[in-house]
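The structure under discussion appears below in the form of structure tokens.
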Amino acid sequence: MSSSRELLAAWLLVLAGAAAHVQAQAQVTTPYAGIGRPATPAELAAWDIDVRPDFKGLPRGSGSVAQGMEVWEGKCASCHGIFGESNEVFSPLTGGTSKEDMQTGRVARLTDRAFPGRTTMMKLAHLSTLWDYINRAMPWNAPKSLTADEVYAVTAYLLNLGGVLPESFTLSDRNMSQVQGMLPNRNGLTTDHGLWPGNTMGTRKPDVSAVACMKDCAPARLVATTLPDFARNAHGNLAEQNRLVGPQRGADTTVAAAATGTAPAVSAGDAVAAAAPAANTPAKPPATKAGAADGAAIALTQKYACVACHGMDKKILGPGFQEIARKYAARPDGLDYLAGKIKSGGSGVWGAVPMPPQTLAGGEAKQIAQWLMEGARK
Amino acid sequence: MKLDGSAPGRLVKAPENFLGTPDIRQVMAGRRDFLRRAFVVAGAAGATAAVATRVQAATAVAIGEGEPAVLELPAHTKGLGQPVVTDGYGKPSQYEANVQRRQSPGLTQSNQSSVSFAPLQSMFGIVTPNGLHFERHHQGWWDVDPTRHRLMVNGSDPALLRRPQVFTMDALMRLPSVSRFHFIECGANTGMEWGNVAVPTCQYTHGMLSCSEFTGVPLRVVLEMCGVDPRKGRYVLAEGADGSSMTRTIPMELVENGDVLLAYGQNGEMLRPENGYPLRLVVPGVQGVSWVKYLRRIEVGDKPYGTKDEVLHYIDLMPDGRHRQYTSIQECKSVITTPSGGQVLLDKGFYSISGLAWSGRGKVKRVDVSVDGGRNWRTARLESPVMSRCLTRFNLDWVWDGKPALVQSRAMDETGYVQPTYRQLRAVRGSRSIYHNNAVQTWLVQESGEVKNVQLS
């Protein structure tokens with residue numbers, strides 16, 4: 001501000017703003033008339049489901065380890081394994097903790113670089129987190145379908161699998177804070193870092209301070225790691241993952257890398273098909289996607305959550321669609337067989353995990369089966 | 001048709017692909033002749049000019065009287081093209097079909113709790129086309145009916161927010177909006193590379209990164225409408241409407257600044273369903289998991305919430321076995337996108353080294369580029385606009401001499417923070433923290449022209 005008149009004007013503005021603010025507070029009005037409406041108590045109850053580490057928001061209820069096992073085996077075990085140990089779909093929930101950890105509240109194996117992976121039980125520092133997450137997001141394909149008592153029961157069962165609670169235990173809103181004090185990694189968290197953008201926690205300071213040296217900076221360096229040759233094509237052909245025009249092409253990773261210093265990795269013959277469009281050889285647009293019928297069938301597999309267990313080309317819990325397609329392509333009655341299998345479910349053909357019977361609208365099972373018989377195009 | 005060993009280090013120029021080995025020998029001979037003349041004529045013009053002319057000369061010899069691409073008029077020059085509105089929502093050229101977001105094989109075991117990576121190696125400037133924006137879903141994506149979508153705002157206690165409200169999309173879109181460019185980066189971006197090189201291209205190393213112009217209402221405006229008491233409520237919980245009902249704690253400081261947006265617009269259109277249509281939170285500078293999609297509820301609280309993605313995931317394991325919690329800021333980082341891993345340079349000569357730099361703490365101030373593995377550095381050009389907590393494009397002229405080159409970029413932000421090397425980062429954090437890897441990336445341009453992802457000791 002250069003003059004006293006401008007200063008005065010600025011102050012008047014500030015005062016006016018403050019007055020408006022006070023008025024808004026008092027009269028419960030905002031400049032934005034007619035926007036928004038009060039939330040009703042029933043609406044708040046329906047959506048305000050979060051549970052904090054101090055258990056604020058925790059509803060009343062209880063569930064025993066035994067009740068939890070029943071829920072678990074019906075609704076959770078297909079993804080997480082009977083003992084929460086499965087690595088098939090998600091990381092294991094249990095394992096890696098000990099009685100000593102329950103004493104210290106720090107999981108010792110977290111410092112063991114040789115221990116493979118980290119289970120939920122190894123990381124869990126707040127019991128509220130487990131309860132809140134099961135309540136809001138599990139089971140994975142039917143979230144928010146469990147009652148509060150079922151959530152207590154499943155939480156109790158998981159803690160039993162993790163060696164925290166005895167088989168006879170009943171978990172409830174009244175003993176959650178007591179059980180919190182038994183968690184193996186309850187003391188395992190820290191906010192002593194500079195990556196929180198508020199003033200209430202942390203150090204506010206970066207933990208690494210580098211210097212921007214410009215000349216003769218470091219001794220000559222060696223290449224320490226790179227991808228092994230056998231992984232060259234692990235992410236698919238990189239020639240098909242780069243633009244067909246510009247200062248470079250993608251490397252054709254379906255063939256071995258050129259020995260350094262001899263031939264280029266985009267060889268002239270391959271380049272035409274894979275990447276570089278030469279002036280006298282027009283670029284072929286990459287292959288087109290599946291047609292409308294394929295799209296409709298794929299949409300059905302999503303609508304009925306088939307995709308939760310079946311991958312497009314690879315096994316998840318059940319076989320991949322394209323694996324099914326290959327297996328039954330030549331079978332004369334394949335269409336009816338597959339349509340029947342979709343409706344009736346079964347087990348033993350592809351593995352022990354059963355596929356439950358599916359309820360589809362008329363013709364839809366056949367539509368999916370048709371798509372499978374034609375090769376399950378993406 | 002393959003090149004043999006007669007042309008070591010020599011790369012294929014696309015228009016010469018029809019040449020056989022003898023023809024190529026002839027080209028090389030011609031090039032040498034021309035080189036002599038070039039040095040006589042342009043001697044003082046410097047190496048850059050000489051090499052550039054050399055490449056043109058090689059092409060000139062190869063094409064003889066002229067290229068068919070010039071001499072033979074193509075159908076599109078001699079015919080009638082297609083009418084307007086062939087496609088009510090236009091699509092990229094059929095020749096661009098390689099430019100796709102992709103999953104990294106083996107990274108996740110389900111497709112609904114998974115991630116797809118943006119093809120950074122094929123993108124220009126700083127804006128991510130909406131269809132190429134990276135995806136991260138925890139429980140699958142939905143196309144939510146915007147007329148049925150609601151945002152609820154409440155307090156963990158009535159004292160923290162006096163008037164809990166429900167807003168329709170109609171209501172939110174009537175409020176005054178702002179439009180701002182910001183990057184969004186997953187906290188786990190580059191996470192696969194903490195221990196060693198694990199993936200081949202910058203799509204997979206850095207592709208959980210996108211940048212858009214977001215349009216929406218500052219959350220502060222809506223909280224004030226609801227009678228918030230920001231002295232008591234220092235935290236905000238954001239919650240999604242999808243099956244995962246993702247929750248994250250946001251500091252009130254960012255809301256008070258007016259930085260946090262209730263966003264519905266992305267690059268001039270509505271958000272894409274994969275990115276949270278019709279409403280998502282925008283938390284500039286903070287990792288993507290906090291940008292809650294399908295946003296259904298905001299709660300003001302006096303304590304942090306310890307949600308699943310703050311206690312079991314998005315926590316950084318330190319060498320002492322503790323997990324850092326509430327790590328949120330994406331620190332200053334950069335990556336060269338061209339040339340980058342999995343690409344092959346077409347020839348020796350001039351290239352514009354180009355890449356992206358960003359910082360969760362403000363504007364990018366400077367980017368330095370090294371082609372000798374970090375021994376010597378040159379400062380790159382920052383292309384405008386340079387905006388706070390937004391991708392910044394940098395470029396640097398480079399003449400490749402055909403020898404192996406270790407190409408790196410190192411960004412610095414306006415706080416003076418300098419992007420660290422792997423060695424510096426690991427000295428503090430070890431190599432098992434998964435999240436917040438902002439180390440300097442190295443690409444090895446081999447003599448063959450093929451570029452590899454490498455890490456230096």
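The values are calculated or read from the model by the stated rules, or taken from the named source; none is laboratory data. Predicted, not measured: the structure shown is a model, and the values here were computed from it. Note that we place each Cβ from the backbone using ideal geometry, even for glycine, and neighbour counts take in every protein chain shown. In case anyone asks, the SASA skips ligands and DNA or RNA and just uses the protein heavy atoms, side chains included. Shrake-Rupley method; radii C 1.70, N 1.55, O 1.52, S 1.80 Å.
Assorted remarks:
- Which listed residue, of A:Gly291, A:Gly269, is more than 24 Å from B:Phe350 (Cα to Cα), open to solvent by 30 Å² or more (accessible area, probe 1.4 Å), at pLDDT below 80 and within 7 Å of another protein chain (Cβ to nearest Cβ): A:Gly269
- Residues of the stretch A:324-367 classified as exposed (fewer than 12 other Cβ atoms within 10 Å of the Cβ) and either at pLDDT 80 or above or farther than 25 Å from A:Ile82 by Cβ (or both), total: 7
- Enumeration of residues in the stretch B:380-433 that are closer than 20 Å to B:Ser340 by Cβ, touching a residue at least 24 places away in the same chain (Cβ under 8 Å) and of a type in the set (Lys, Arg): B:Arg393, B:Lys403, B:Arg410
- Filter pass, B:Ile250 being within 10 Å of chain A (Cβ to nearest Cβ), closer than 30 Å to B:Gln424 by Cα, within 25 Å of the chain's Cα centre (by Cα) and buried (at least 24 other Cβ atoms within 10 Å of the Cβ): yes
- Output for the stretch B:152-169, where each listed residue is more than 9 Å from every other protein chain (Cβ to nearest Cβ) and out of contact with any Asp or Glu (no Cβ under 8 Å at 6 or more places or on another chain): B:Pro158, B:Met169
Conditions tested, residue by residue: (1) open to solvent by 10 Å² or more (accessible area, probe 1.4 Å); (2) more than 11 Å from every other protein chain (Cβ to nearest Cβ); (3) more than 26 Å from A:Val307 (Cα to Cα).
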{"site": "A:Thr104", "(1), (2), (3)": "yes, no, yes"}
{"site": "A:Leu124", "(1), (2), (3)": "no, no, yes"}
{"site": "A:Leu127", "(1), (2), (3)": "no, no, yes"}
{"site": "A:Trp140", "(1), (2), (3)": "yes, no, no"}
{"site": "A:Ala156", "(1), (2), (3)": "no, yes, yes"}
{"site": "A:Leu161", "(1), (2), (3)": "yes, yes, yes"}
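- The stretch B:283-295 - residue that is outside any loop (DSSP other than H, G, I, E, B) and more than 7 Å from chain A (Cβ to nearest Cβ) and, of those, farthest from the chain's Cα centre (by Cα): B:Leu295
- Within the stretch B:201-230, the residues that satisfy the criterion of being open to solvent by 10 Å² or more (accessible area, probe 1.4 Å) and over 23 Å from B:Ile329 (Cα atoms) are B:Val221, B:Glu224, B:Met225, B:Val228, B:Asp229.
Condition check ((1) touching an Asp or Glu at 6+ places or on another chain (Cβ under 6 Å); (2) in contact (Cβ under 8 Å) with a residue 12 or more places away in the chain; (3) of a type in the set (S, T, N, Q); (4) over 28 Å from A:Gly57 (Cα atoms)) across all residues:
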{"site": "B:Asp259", "(1), (2), (3), (4)": "no, yes, no, yes"}
{"site": "B:Leu262", "(1), (2), (3), (4)": "no, yes, no, no"}
{"site": "B:Gln266", "(1), (2), (3), (4)": "no, yes, yes, yes"}
{"site": "B:Asn275", "(1), (2), (3), (4)": "no, yes, yes, yes"}
{"site": "B:Ile298", "(1), (2), (3), (4)": "no, yes, no, no"}
{"site": "B:Asp302", "(1), (2), (3), (4)": "no, yes, no, no"}
{"site": "B:Asp316", "(1), (2), (3), (4)": "no, yes, no, no"}
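- Residue match in the stretch B:133-140 (condition: at the interface with chain A (Cβ under 10 Å from one of its Cβ atoms) and within 21 Å of A:Gly34 (Cβ to Cβ)): no
- Restricting the stretch A:215-235 to residues that are in a loop (DSSP other than H, G, I, E, B) and surrounded by 12 or more Cβ atoms within 10 Å (Cβ to Cβ), the residue that is modelled with the lowest pLDDT: A:Arg221
- Contacts under 8 angstrom Cβ, first residue in the stretch A:101-119 being among the small types (Gly, Ala, Ser), partner open to solvent by 60 Å² or more (accessible area, probe 1.4 Å) and assigned to a loop (DSSP other than H, G, I, E, B), 6 or more apart: A:Gly105/A:Asn187; A:Gly117/A:Asn87; A:Gly117/A:Ser91
- For B:Val428: the one exception among (1) open to solvent by 10 Å² or more (accessible area, probe 1.4 Å); (2) more than 24 Å from B:Val127 (Cα to Cα); (3) part of a loop (DSSP other than H, G, I, E, B); (4) in contact with a Pro (Cβ under 9 Å, 6 or more places away or on another chain): (3)
- Test: residue in the stretch A:125-138 that is more than 26 Å from B:Ser328 (Cα to Cα), in a loop (DSSP other than H, G, I, E, B) and of a type outside the set (A, V, I, L, M, F, W, C): no
- Taking the stretch B:138-212 and the strands (runs of 3 or more DSSP E) fully enclosed by it, the elements with 2 or more residues that are in contact (Cβ under 8 Å) with a residue 24 or more places away in the chain and within 16 Å of B:Leu120 (Cβ to Cβ) are at B:178-185.
- Filter result (of a type in the set (D, E, K, R) and within 23 Å of B:Arg163 (Cα to Cα)) within the stretch B:261-320: B:Arg280, B:Arg296, B:Arg297, B:Glu299, B:Asp302, B:Lys303
- Residues of the stretch A:44-58 satisfying the condition of being part of a helix (DSSP H, G or I) and more than 8 Å from chain B (Cβ to nearest Cβ): A:Ala45, A:Ala46
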